[in-house]
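Data first, discussion second: the structure below is written as structure tokens.
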Amino acid sequence: MNVFRFILQNRGQVLELTGEHLWLVGLSTLFATLIGIPLGIVIAHWPRLNKPVLASANIIQTVPSLALFGFLLPVPWLGARADRLAILALTLYALLPIIRNTYTGIRGVDPAVMEAGRGMGLTDLQLLLQVELPLAVSVILSGVRTAVVISVGLATIAAAIGAGGLGEFIFRGLAMVDNRVILAGAVPAAILALLADVGVGWLEKRLQPR
Amino acid sequence: MQSRAATPVIEFRDVSYCVAATDVLRSLTLQVHPGEILALLGRSGSGKTTTLKLVNRLVSPTSGEVLVNGVPNTDADLTRLRRSIGYVIQEVGLFPHFSVAQNIGLVPKIEGWPEARVRARVEELLQMTGLAPELASRYPHQLSGGQRQRVGVARALAADPEILLMDEPFGALDPLTRDELQREFLSLQRRLRKTVVFVTHDLHEAMRLGSRIALMEAGKLVTILAPDEFLRSTDPWAAAYVKAFGDRLESTATEGKS
């Protein structure tokens with residue numbers, strides 16, 4: 001098949017762009033996790049904050065990705081380097097599933113278990129670290145999983161602002177009206193998404209409490 | 001009968017608790033004496049569970065104060081207070097991701113006991129509550145309802161608290177298991193002499209386990225009576241209970257109090 005021949009012939013570039021793609025997705029998922037999980041914990045404990053936080057994350061999600069990349073372009077420090085900008089945009093998109101699942105996971109902990117823990121004299125921090133997070137971990141990770149899979153797809157669009165990644169092939173292929181080039185970007189991106197899905201899914205199973 | 005002169009272990013002084021202009025509890029005054037089992041009897045919504053939660057400050061009174069060992073419980077450090085009071089709830093609330101041993105040993109562990117001492121204490125408690133040693137490594141979902149409730153009691157006793165609060169501890173069990181657990185609880189109490197407050201809506205259980213029965217209705221304490229007095233009481237609420245539970249009661253009034 002000529003798509004695979006094309007990929008093989010250009011394997012150097014395919015690998016390089018895959019590396020860039022992983023960099024964009026990996027870093028943005030890391031940031032989104034570092035921001036999203038604490039935010040989810042906060043809104044699970046202060047229900048008053050729940051609506052504004054989830055609504056904001058929702059609104060971000062509704063902005064078309066190409067438009068968001070464009071909006072951020074004039075921002076001084078960010079606009080200077082396209083990958084910074086792409087990572088910020090991808091982080092913003094990844095927030096919603098992570099915040100929402102953290103919130104849902106913690107709220108889903110059996111109230112009887114929480115009350116027993118509180119009645120036994122566990123401090124709030126002990127309750128969080130020993131009870132809430134361990135019991136919510138699989139729900140939280142399935143949020144991370146959703147976020148990663150979405151990011152792998154979205155990151156292809158980052159090539160439109162010159163941030164690199166497998167989208168380069170897709171946009172180039174579109175311009176050249178050459179399906180082989182498009183697929184040289186799309187197929188590795190799909191494989192990345194699948195691998196990420198399986199990988200985080202495996203982690204989810206391993207960390208799941210009995 | 002213990003002497004009424006000793007400082008009450010728990011004392012409610014004119015305690016009221018309201019939620020959104022509704023009185024859950026109205027000027028409750030009540031004393032619980034060392035080593036006794038006080039049964040809080042009443043219907044759902046009568047305020048008995050709230051009364052229990054006021055002791056370990058899962059709920060704070062709107063007015064009045066609750067004293068534990070003569071000190072207002074608002075003066076005590078919240079964590080210290082709760083760790084010095086055993087707490088058993090109907091749903092048991094075992095940590096599903098902890099083994100039986102981890103559940104029982106949690107408070108001793110966070111209290112910083114050395115590992116060997118925690119392990120010895122867990123073994124002791126398993127034996128005390130009639131659980132086989134090999135259950136230590138099981139998880140709550142692998143246990144029967146009765147076993148779970150035993151673990152709940154063992155967990156509450158772990159740090160050897162002076163006070164035990166129990167919210168319908170045997171409510172969700174089948175009659176045979178309930179009977180067995182009640183009997184074992186009485187014999188355990190004969191040895192440990194804890195001060196126990198337990199909530200129930202079952203007069204039969206209140207008569208069998210309680211040294212005294214505090215009858216509650218619509219947020220108010222109706223009366224406190226010893227079990228045999230309860231049967232003869234002319235109070236309309238008490239009489240209504242006796243009538244509702246019928247003649248099963250005569251036989252239980254004398255049992256287990258020797």
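The values are calculated or read from the model by the stated rules, or taken from the named source; none is laboratory data. What you see is a predicted model, and the numbers here were worked out from it, not measured in a lab. Here the Cβ positions follow ideal geometry from the backbone for every residue, glycine too, while neighbour counts run over all protein chains shown.
Out of curiosity, is A:A112 at pLDDT below 95, touching a helix residue (DSSP H, G or I) at 6+ places or on another chain (Cβ under 6 Å) and either hydrophobic (A, V, I, L, M, F, W, C) or closer than 30 Å to B:S60 by Cβ (or both)? For A:A112, the condition - at pLDDT below 95, touching a helix residue (DSSP H, G or I) at 6+ places or on another chain (Cβ under 6 Å) and either hydrophobic (A, V, I, L, M, F, W, C) or closer than 30 Å to B:S60 by Cβ (or both) - is not met. For B:N103, the conditions (1) at pLDDT 90 or above; (2) within 25 Å of B:G35 (Cα to Cα) all hold with the exception of (2). Considering A:S28, A:S56, the condition of being touching a Ser or Thr at 6+ places or on another chain (Cβ under 6 Å) and either of a type outside the set (S, T, N, Q) or over 15 Å from A:A186 (Cα atoms) (or both) is satisfied by A:S28 alone. Tell me, which helices (runs of 4 or more DSSP H) wholly within the stretch B:170-254 include 1 or more residues that are in contact (Cβ under 8 Å) with a residue 40 or more places away in the chain? Ranges flagged: B:175-192, B:203-209, B:236-245, B:249-252. When the stretch B:154-166 is filtered for residues that are within 17 Å of A:V113 (Cβ to Cβ), part of a helix (DSSP H, G or I) and within 12 Å of chain A (Cβ to nearest Cβ), the ones remaining, listed by number, are B:R155, B:A156.
Restricting to the stretch B:195-239, give me the number of residues that are of a type in the set (A, V, I, L, M), crowded, with 21+ Cβ neighbours inside 10 Å and within 25 Å of B:Y87 (Cβ to Cβ). Result for the stretch B:195-239: 12. Summed over the stretch B:146-194, residues that are crowded, with 19+ Cβ neighbours inside 10 Å and among the acidic types (D, E) total 2. Determine if the stretch B:87-99 includes at least one residue that is over 12 Å from A:G119 (Cα atoms), within 13 Å of another protein chain (Cβ to nearest Cβ) and touching a Ser or Thr at 6+ places or on another chain (Cβ under 7 Å). Checked against the condition, which is being over 12 Å from A:G119 (Cα atoms), within 13 Å of another protein chain (Cβ to nearest Cβ) and touching a Ser or Thr at 6+ places or on another chain (Cβ under 7 Å), the stretch B:87-99 yields at least one hit. Report yes if A:Y103 is away from chain B (no Cβ under 14 Å) and at pLDDT below 95, otherwise no. No; evaluated as a whole, the condition is false for this residue.
Look at the stretch A:180-210 and say how many of its residues are loosely packed, with under 14 Cβ neighbours inside 10 Å, of a type outside the set (V, I, T) and more than 30 Å from B:P140 (Cβ to Cβ). Looking only at that region, the number is 3.
Would you mention how many residues in the stretch A:88-138 are acidic (D, E) and not in a helix (DSSP H, G or I)?
Final tally of qualifying residues: 1.
Select from the stretch B:39-63 the residues that are farther than 16 Å from B:I89 by Cβ, out of contact with any Cys (no Cβ under 6 Å at 6 or more places or on another chain) and of a type in the set (S, T, N, Q) and write down the one among them that is farthest from the other protein chains (Cβ to nearest Cβ). Out of the qualifying residues, it is B:S63. Of the residues making up the stretch B:100-114, those that are within 18 Å of B:S137 (Cβ to Cβ) and more than 9 Å from chain A (Cβ to nearest Cβ) number 8. Quick check: anything in the stretch B:27-48 more than 23 Å from B:H201 (Cα to Cα) and among the aliphatic types (A, V, I, L, M)? No, that holds for no residue.
Scanning the stretch B:38-80 for residues being farther than 15 Å from B:I10 by Cα and in a strand (DSSP E or B) gives a total of 3. Of the residues making up the stretch A:106-124, those that are aliphatic (A, V, I, L, M) and either within 11 Å of chain B (Cβ to nearest Cβ) or more than 17 Å from A:G40 (Cα to Cα) (or both) are A:V109, A:A112, A:V113, A:M114, A:A116, A:M120, A:L122. Once the stretch B:136-145 is narrowed to residues that are surrounded by fewer than 17 Cβ atoms within 10 Å (Cβ to Cβ) and in a helix (DSSP H, G or I), the residue that is farthest from the other protein chains (Cβ to nearest Cβ) is B:G145.
The number of residues in the stretch A:125-136 that are under 19 Å from B:P140 (Cα atoms) and at the interface with another protein chain (Cβ under 9 Å from one of its Cβ atoms) comes to 4. Checked against the criterion of being closer than 24 Å to A:L66 by Cβ and either without any contact (Cβ under 8 Å) to a residue 60 or more places away in the chain or of a type in the set (F, W, Y) (or both), the candidates A:A190, A:A184 yield just one match: A:A190.
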